[in-house]
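Undergrad: For reference, the structure I am asking about is given below.
The values are calculated or read from the model by the stated rules, or taken from the named source; none is laboratory data. Values in this document were obtained by computation on a predicted structure and should not be read as measured data. Positions of Cβ are backbone-derived with ideal geometry, glycine not excepted, and every protein chain shown enters the neighbour counts.
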Amino acid sequence: MLDFWISFFKHHFKGDRTLWALILLFTIISFLAVYSNLPNIVYVMADDGKVSLGGKMFTQLIFVTLGFIGLYIAHRIPFRFYGVISLVGLFISVVLLILALLTKSQINGESTSRWVKVGGFTLQPSILAMLALIVYISRYLAVAYSEKPRFRDTILPFWIPLFTTTILILPANLSTALLTLSSVLTLAFIARLPIRNILTGIMSSILLAVVIIALLKITNIGISSRVDTWKSRIEAFWNKNDNTREEGYQIERCKMAIANGGLLLGQGPGKSAMRNFLPNSSSDFIFATTVEEYGVFGGWIIIILYLLLLFRIITIAQKAKTLNGQLLVTGIGFWILFQAILNMGVAVDLLPLTGQNLPLISSGGTSIIATYTALGCILSVSRSKSSDGQKEKDVNDEEIAAEIGEMIDTAEENRKKRKAKKLEEQAAKKKKKRASSNKPL
């Protein structure tokens, strides 16, 4: 029986085993941390009478399950096909971002443009757009690596997708827009896109962002409150002694939670006091409440796990067969680790309040599914390693299109064979039935 399960997992779950183990460890820690913070969330949301501790935990389990499904599917798809898939994903994400800005869904009684409701489900399109953009950009940079393109040659395939996605994310979520921009530009630097092109793009993006924010502020068409929020968070970060602001209050409670945890074992699982005073304690401030319950020692365990994740990402990137695979792993790795640094930096008052989740640990929906799917992309790259350290040439778009066409033709041919076989079996059964009915008594 044991041999059967070992054979089953080896056949169906491919890629870097250490990364698989880290994902499972993060998932276990996530369930423990989220479950400890759910009583506060259930209490706050109890007015509608539809929220229960079991219900919220079941919802979290559903999202993690969907995340693992996305991870499994992504890691089974050869990463050379991601470029085509990312174009579709990027188009859908841009449409959803526009819908989110136009509709402003009601979430917990508040109007927000971060989410959009599709078919009864609430999605955060900015996370999907970030993943699709990184996958697309990694493919483009791999193709452009040997060409050394001029700036005007990169405007359409590189800067327009980046600017469009970032600008659509910006009004609702400044930190996610900056995270997207920094991850892509870091990836461009690693891919040796000419420095003058990157600097020109950075200056253009800053100028464009200032102009757009100024215009929206002047016309007062919905971003005014967000600009005031950004300004308030930055002022609260620089004026650390001013606790009259809501942002200063939240950071003070974070520091109190970490102080309550002490150096070793903390207050114990489920015994955080500050979770009752921190909004979104299971997402934005989950690092602080986890340190309160498990001590600084528990906080260092989380940091070490992220460092191990970084080490595995670097190892997989170095062993990737093609430049596209290397850049894909690097881009996704930067996104996940930059987001983790933002979340933990806010908790210890090293960075202004951002509202970023702690990836692989915080509660959520779209963020969980997207993060697990992104890790599935890394596992897909790890399935094919370079034995001698030499990079193979990336397959071009024409070859990928031809391979997809062959796969479709093969699938259609197999379908026809199965249909013909089924018809033959039915004919044989009918013939046998007629023969038995004509047999004399």
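Undergrad: In this structure, is Ile69 under 21 Å from Thr122 (Cβ atoms) and without any contact (Cβ under 8 Å) to a residue 12 or more places away in the chain?
TA: Numbers: under 21 Å from Thr122 (Cβ atoms): yes; without any contact (Cβ under 8 Å) to a residue 12 or more places away in the chain: yes.
It is true that Ile69 is under 21 Å from Thr122 (Cβ atoms) and without any contact (Cβ under 8 Å) to a residue 12 or more places away in the chain.
Undergrad: I need the full set of residues from the range 65-109 which are of a type in the set (Ser, Thr, Tyr), more than 11 Å from Gly376 (Cα to Cα) and at pLDDT 85 or above, in order please.
TA: The first filter runs over the range 65-109 and keeps only residues of a type in the set (Ser, Thr, Tyr), leaving 65, 72, 82, 86, 93, 103, 105.
Imposing the further condition that a residue be more than 11 Å from Gly376 (Cα to Cα) reduces the set to 65, 82, 86, 93, 103, 105.
Those that are of a type in the set (Ser, Thr, Tyr), more than 11 Å from Gly376 (Cα to Cα) and at pLDDT 85 or above: Thr65, Tyr82, Ser86, Ser93.
Undergrad: Would you check which residues across the range 298-341 are closer than 14 Å to Ile378 by Cβ, under 19 Å from the mean Cα position of the chain (by Cα) and β-branched (Val, Ile, Thr) and list them?
TA: Ile313, Ile314, Ile316, Val329, Thr330, Ile332, Ile336
Undergrad: Also: Given the range 122-212, what helices (runs of 4 or more DSSP H) lie entirely inside it while holding 1 or more residues that are acidic (Asp, Glu) and modelled with pLDDT of 85 or more?
TA: 151-154
Undergrad: A further question follows. Would you confirm whether or not the range 230-244 contains a residue that is modelled with pLDDT of 70 or more, on the phi < 0 side of the Ramachandran plot and not in a helix (DSSP H, G or I)?
TA: yes
Undergrad: Out of everything in the range 1-43 that is surrounded by 14 or more Cβ atoms within 10 Å (Cβ to Cβ) and aromatic (Phe, Trp, Tyr), what residue ends up being modelled with the lowest pLDDT?
TA: My answer is Phe13.
Undergrad: Mind checking which residues of the range 308-352 are part of a loop (DSSP other than H, G, I, E, B) and touching a Phe, Trp or Tyr at 6+ places or on another chain (Cβ under 7 Å)? Even if it seems obvious, please write down each step before you answer.
TA: The initial filter retains those residues of the range 308-352 that are part of a loop (DSSP other than H, G, I, E, B), namely 321, 348-352.
Within the range 308-352, Pro352 is the sole residue that qualifies.
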